[in-house]
Every structure is written in C-alpha cells, then in structure tokens.
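Data first, discussion second: the structure below is written as structure tokens.
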Amino acid sequence: MPLSPQERRLRAQAAAHASHINRTGREATAAARAAALDKFEALVDPTGELPPVERARRARHARSEYFLQLSLKSARVRRARRGGDYSEGLTR
C-alpha cells in the first residue's frame, strides 16, 4: 500500500533525525561539499598544473561567481513574476 504524502513526510523527517544521531549536519554533508569543491577546482585547473593554493583560490572565486549568477537568475525570475518591476535596480 503506497504511503500518503503526510506519511512520506513523517518518514523523511524521522530519517533526517536518525541521520543526525551520530554526526553533525556538517559531517553528514562533508562528502558532497568536497565533491562540489572538486568540481570547481577541475573547472579552473583542468590539467592540474596550478599550485594547490592558487587552484583553491581560483576555485573559491569560481564557486562565488556560480552562486552569484544563480542569485541573479532568481532575482530576475522574482521580478518577472511581479510583472517586471525594476525598482530593485537590477538590469538585464
């Protein structure tokens, strides 16, 4: 018998609490965060020729740029949903 949406939500909440019994949220997401940083390091230094410190510096900038672009896209979508109000000062 399939679970109702409420039962699925309760099951997911219980699983989330269970996953935090023996580790912090930061520990639980460490592998995913490392993989994301590896993605940006590969983007800025695909051949692996840069010194590690410079690769990490550039990867941090690539990550910041990526998330700022997402933020800009989100702001544009919100503005479009409001009917194109330019009062926020964002330009195309």
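We did not get these values from a lab; they are worked out from the coordinates using the rules stated. These figures come from a predicted structure and were not determined experimentally. Positions of Cβ are backbone-derived with ideal geometry, glycine not excepted, and every protein chain shown enters the neighbour counts.
If you go through region 7-33, how many residues are acidic (D, E) and either surrounded by fewer than 10 Cβ atoms within 10 Å (Cβ to Cβ) or within 30 Å of H61 (Cα to Cα) (or both)? Write out each step before concluding.
Here is the first cut: in region 7-33, the residues acidic (D, E) are 7, 27.
Still in the list and also either surrounded by fewer than 10 Cβ atoms within 10 Å (Cβ to Cβ) or within 30 Å of H61 (Cα to Cα) (or both): 27.
Here the count works out to 1.
Report whether or not L50 is of a type in the set (A, V, I, L, M, F, W, C), free of Cβ contacts under 8 Å to residues at least 12 places away in the same chain and either part of a loop (DSSP other than H, G, I, E, B) or loosely packed, with under 10 Cβ neighbours inside 10 Å (or both). It would help to see each step written out before you state the result.
Working: of a type in the set (A, V, I, L, M, F, W, C): yes; free of Cβ contacts under 8 Å to residues at least 12 places away in the same chain: yes; either part of a loop (DSSP other than H, G, I, E, B) or loosely packed, with under 10 Cβ neighbours inside 10 Å (or both): yes.
Considered against the rule, which asks whether it is of a type in the set (A, V, I, L, M, F, W, C), free of Cβ contacts under 8 Å to residues at least 12 places away in the same chain and either part of a loop (DSSP other than H, G, I, E, B) or loosely packed, with under 10 Cβ neighbours inside 10 Å (or both), L50 comes out as yes.
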Report task. For A36, state whether it is within 14 Å of R63 (Cα to Cα) and out of contact with any His (no Cβ under 7 Å at 6 or more places or on another chain). Result -> yes
Requested in this report: Would you check if there is a residue in region 64-76 being within 24 Å of R33 (Cβ to Cβ), in a helix (DSSP H, G or I), touching a residue at least 12 places away in the same chain (Cβ under 8 Å) and not hydrophobic (A, V, I, L, M, F, W, C)?
Outcome: yes
